[in-house]
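First the structure, in the form of structure tokens, and then the observations on it.
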Amino acid sequence: MELTPGQKCNRCSRLLENTYSTVYNKEGEVLEIICPICNNIEYLDDYRKDGIIQTRLMTEASMAHYYHTEVFSKGDYDRVRHEYFEFYLQNKKLLMEVAASVQEIHKLVNQFENKHWLPYLKKYWNDSKDRGHIAELDGTTILMWGSAGRVLITAQQGEIAPEVTMIFSDYVASPDDIKKYGDMTSRGGIQGISATKKQAIDIMETLNKAKNIKFKPKKSVTMAGL
Ligand SMILES: [Zn+2]
């Protein structure tokens with residue numbers, strides 16, 4: 001969707017720039033075009049209603065946490081654009097709450113990496129020519145897909161959500177490099193999420209409790225967003 005010169009956000013009348021969101025109705029028609037701040041406010045409103053953390057909110061909350069603890073706390077208020085500064089300030093409590101939840105989930109992703117990814121799943125992945133893989137575990141479907149040295153693992157309960165998507169590196173360091181630099185391959189994280197904090201923790205605990213997760217190739221497993 002192209003912007004016309006001088007086009008403003010439908011909600012707050014801020015001048016729209018390179019980043020904006022288009023809101024569609026169920027029929028796929030454009031309802032309105034809004035700025036990133038109004039979009040973030042909507043994600044926060046959704047979170048207030050049902051506690052669901054979406055990927056975009058996770059990213060904003062992590063940014064807000066960084067600015068509040070590392071930048072604003074040192075009196076440096078000009079590092080972000082004014083509208084973001086206001087947004088981070090006005091919604092500090094909620095954004096910090098989401099950031100704390102994300103950090104908690106991130107710890108469980110680290111556990112997954114140390115228990116499943118690094119010890120045997122990385123080898124399973126590197127030994128396989130197939131890109132898409134699937135595993136089933138106690139009502140949780142786990143999808144694995146990778147490209148260009150990165151591997152995404154999505155664990156979901158139900159059709160699409162709740163879900164947590166993790167990202168790992170398939171790089172195998174040489175013993176010499178590990179001696180020199182340590183194992184730099186251990187740096188997985190959360191790539192995407194659509195779940196409440198409790199749902200995400202339940203999913204991750206289901207995975208982390210398992211002794212061994214057995215994947216098998218499945219061609220239909222593909223993922224976007226890498
Ligand atoms: Zn706006």
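Of note:
- Residues F112, F72, F168, sorted so that the one with the fewest Cβ neighbours within 10 Å comes first: F72, F112, F168
- Taking the number of Cβ atoms within 10 Å of each Cβ as an exposure proxy, the fewest-first ranking of H133, H65 is H65, H133.
- Cα-derived Rg over Rh, computed across the range 95-160 with Rh taken as Kirkwood radius: 1.02
- Protection proxy ranking, peptides 3-10, 136-143, average beta carbon neighbours within 10 Å, highest first: 136-143, 3-10
- Relative contact order of the range 21-99, defined on C-alpha pairs under 8 angstrom at six or more residues apart (%): 27
- Pairs of Cα atoms nearer than 8 Å and 6+ residues apart set the relative contact order; for the range 104-217 it is 32 percent.
- Furthest towards positive pole of dipole, I203, L137, V98, structure part the chain, Cβ charges: L137
- With neighbour counts taken as other beta-carbon atoms within 10 Å, the residues V102, V164, V30, V109 rank, fewest first, as V30, V102, V109, V164.
- Value of relative contact order over the chain, rounded to a whole percent, pairs C-alpha under 8 Å and six or more apart: 19
- Cβ charges +1 (Lys, Arg) and -1 (Asp, Glu), total dipole of the range 21-99, debye: 280
- With a Förster radius of 25 Å applied to the C-beta separation of E17 and T55, the computed FRET efficiency comes to 0.70.
- Equivalent ellipsoid, the range 21-99 (semi-axes from 5 times Cα gyration tensor eigenvalues, Å): 26, 15, 8
- Debye log10 I(q)/I(0) for the chain, one point scatterer per Cα, at q = 0.09, 0.16 Å⁻¹: -0.47, -1.16
- A Cβ-based charge dipole, computed about the Cα centre of the range 91-155 with Lys and Arg at +1 and Asp and Glu at -1, lands at about 280 debye.
- Computed over the chain with a Gaussian network model linking Cα atoms closer than 10 Å, the most mobile of E29, E60, E97 is E29.
Only the coordinates and a few stated rules stand behind these numbers; no lab work does. From a predicted model like this one, the values you see are computed outputs, not experimental measurements. Virtual Cβ from ideal backbone geometry, glycine too; neighbours counted across all protein chains shown.
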